[in-house]
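Structure record follows, encoded as structure tokens.
The values are calculated or read from the model by the stated rules, or taken from the named source; none is laboratory data. From a predicted model like this one, the values you see are computed outputs, not experimental measurements. Cβ atoms come from the backbone with ideal geometry, glycine included; neighbour counts cover every protein chain shown. In case anyone asks, the SASA skips ligands and DNA or RNA and just uses the protein heavy atoms, side chains included. Shrake-Rupley method; radii C 1.70, N 1.55, O 1.52, S 1.80 Å.
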Amino acid sequence: MAQTQRTHGVTGRTGAVPIVVLAALLALLGACASPAPAAPPPPPTPPVALAASIGTGPLAPGATGVAPAEPLVVTAADGRLTAVTVTPTGGAALAGTPDPSGTRWTSGALAYDTEYRVQATGVDAQGRPGAPLEQTFRTVAPEDTVETASIRPSDGQTVGVAMPVSITFTDAVTDRAAVERRVSVRTSVPTEGSFHWMSDEQLNWRPKDYWRPGTQVTVDARLVGVDTGGGVYGGEDRSFSFTVGRDQRARGDVNAHTLVLYQDGRELRTLPASYGRAQYPTQYGVHVAFEKHEVKRMRSDTWGGPGEGQPGFYDENLPLAVRISNNGEFVHVNPDTVRQQGRSNVSHGCVNLSPANGEFFYNWVQMGDPVEIVGSERPLTTRDGDIADWTIPWDEYRQGSALAAP
């Protein structure tokens, strides 16, 4: 019994040791542990930063020779604008448009050869004012300017499916790419098309195929501030819009002596006609109607035909004339050739119709309608017509763009 008690006593002491050690370890660990670190303070609010730019680049203080192709823009980073004033020397402050966020202000159009003073203030995210912006700049003084001499179609006009866009300038453009980049053609339906420089003074645009009837077209030529070459800058911006009307086409067959009219893809009427005689053939190819005259004086020597006193010379006032090229070709009434119309070709290149048929054609045709002549031996070329766009194959036409890929 005594041995058993000793054994139990030893066993009891041995079992108590781990509990004491564990408590000591816990106490030691508690004494050595560090308190949780405090959260770092929030970063300071950055001050508002104001800047001025024109186009894609910043505007350096005191800059000169600045091209005013784009408006002045004042921006606020890490805050918002509270006031912007841009004042030309000796003039009233420019109108400007802030964006809804208050971080961007865009001026109206800038003028040439003018010094502007820019003043702006802003606040940061907490409403504290930052350093104000104040600087001046001066726009370029062009050596000369080039203006828009004419446009076609005219603004608001309804035209036929073959009418190209045409912008003619008062002087030659030497940097065609710079000008072309600033001209846009927007259509109400997707339309594949291309620019083509008909000359240094004339930039055209036409669709690959005839226009889709009902298409709304807007042309914007933003040329102020654009160096067209050699320090000659664009003198004005120009915008115009037009509508493509009915699908109307005329097909003239010089051998059948007919002018067939089509509307919306259907044959409308066949008119007996007389075309150019062998010596002065009506040229084949796509002509475009672009002028109407109730009465037109026609002289043979104005297009390279017989001069006064030579056989075949004429100087006549002819009624209901529709010009289809600039080489003397018209569709017009000629009562003197009614007996030949539908039978033989006796004109100097024009399409002759009877008074009744000529009146119908004159009232029916739209400016921009194609007049497609077939059967002749002489082609219409770019030298012959004011609207010769359709005589140029499409791939060649696209290469006439200054921005075309090589």
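Per residue, how much accessible surface does the chain expose to a 1.4 Å probe? Answer in Å², no decimals. Don't skip to the end; give the middle numbers.
Details: 21100 Å² over 406 residues.
Spelled out: the 1.4 Å probe surface of the chain, per residue, equals 52 Å².
So between S241 and T145, what do we pick up on full extension, going 0.36 nm a residue minus the alpha carbon distance?
Working: separation 96, 0.36 × 96 = 34.56 nm, distance 2.45 nm.
The span from S241 to T145 would gain 32.1 nm if fully extended.
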*In a GNM of the chain with a 10 Å cut-off on Cα contacts, which of F169, F313, F242 has the highest mean-square fluctuation?*
F313
*Can you list residues whose amide H is under 5 Å from T258's amide H, if they're 5+ apart or on another chain and H is modeled 1.01 Å from N?*
D253, A273
_Separation of the D99 and R277 label points, Cα + 7 Å toward Cβ, nm_ = 7.2 nm
*When the accessible area of the range 176-260 is computed with all protein chains present and a 1.4 Å probe, what percentage of it is carbon and sulfur?*
42 percent
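Using only helices, what value at 222 nm comes out for the chain when you add -39,500 (n - 2.57) per DSSP H run of length 4 or more and divide by the total residues, to the nearest 500 deg cm²/dmol? List each step's numbers first, then the result.
On the way: 4 runs with 52 residues, N = 406.
That comes out to -4000 deg cm²/dmol.
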_Output the 0 to 90 degree angle, nearest 10, between the alpha-carbon long axis of helix 355-364 and the longest principal axis computed from the alpha carbons of the chain._
10 degrees
*In the range 291-406, carbon and sulfur make up what percent of the accessible area (probe 1.4 Å)?*
45 percent
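If you place +1 on the Cβ of every Lys and Arg and -1 on the Cβ of every Asp and Glu, how big does the dipole about the Cα centre of the chain come out, in debye to the nearest 20?
Roughly 1980 debye, rounded to the nearest 20.
Once you list every other residue whose beta carbon is under 12 Å from the beta carbon of R251, what net charge do they have if Lys and Arg are +1 and Asp and Glu are -1?
Details: positive: R249, R269; negative: D253, E267, D369, E372.
Neighbourhood net charge equals -2.
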*Helix 2-32 axis, angle to the chain major axis (alpha carbon atoms, nearest 10°)*: 50 degrees
*Label-point separation, R339 to T56 (7 Å along Cα→Cβ), nm*: 7.2 nm
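With +1 on the Cβ of every Lys and Arg and -1 on the Cβ of every Asp and Glu, and nothing else charged, how large is the dipole of the range 96-230 about its Cα centre, in debye rounded to the nearest 20?
Numbers: 13 positive and 18 negative charges, 124 e Å.
Dipole about the Cα centre, nearest 20: 600 debye.
Identify the trypsin sites (Lys or Arg not before Pro) of the range 272-371 meeting these criteria: DSSP loop state and at most 14 other C-beta atoms within 10 Å of the C-beta.
Details: sites: R277, K292, K296, R297, R299, R323, R339, R343; in loops: R277, R339, R343.
Sparse-neighbourhood loop trypsin sites (Lys or Arg not before Pro): R339, R343.
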_Whole-angstrom Cα spans of the chain along principal axes, big to small_ = 158, 74, 35
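Report the FRET efficiency, 1/(1 + (r/R0)^6), for W197 and D113, where r is their Cβ-Cβ distance and R0 is 35 Å, rounded to 0.05. Let's see the in-between values first.
Numbers: r = 29 Å, r/R0 = 0.83.
After rounding to 0.05, the efficiency reads 0.75.
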*Using DSSP loop states and a limit of at most 16 other Cβ atoms within 10 Å to flag GluC sites (Glu not before Pro), what is the longest stretch of the chain containing no flagged site?*
1-142
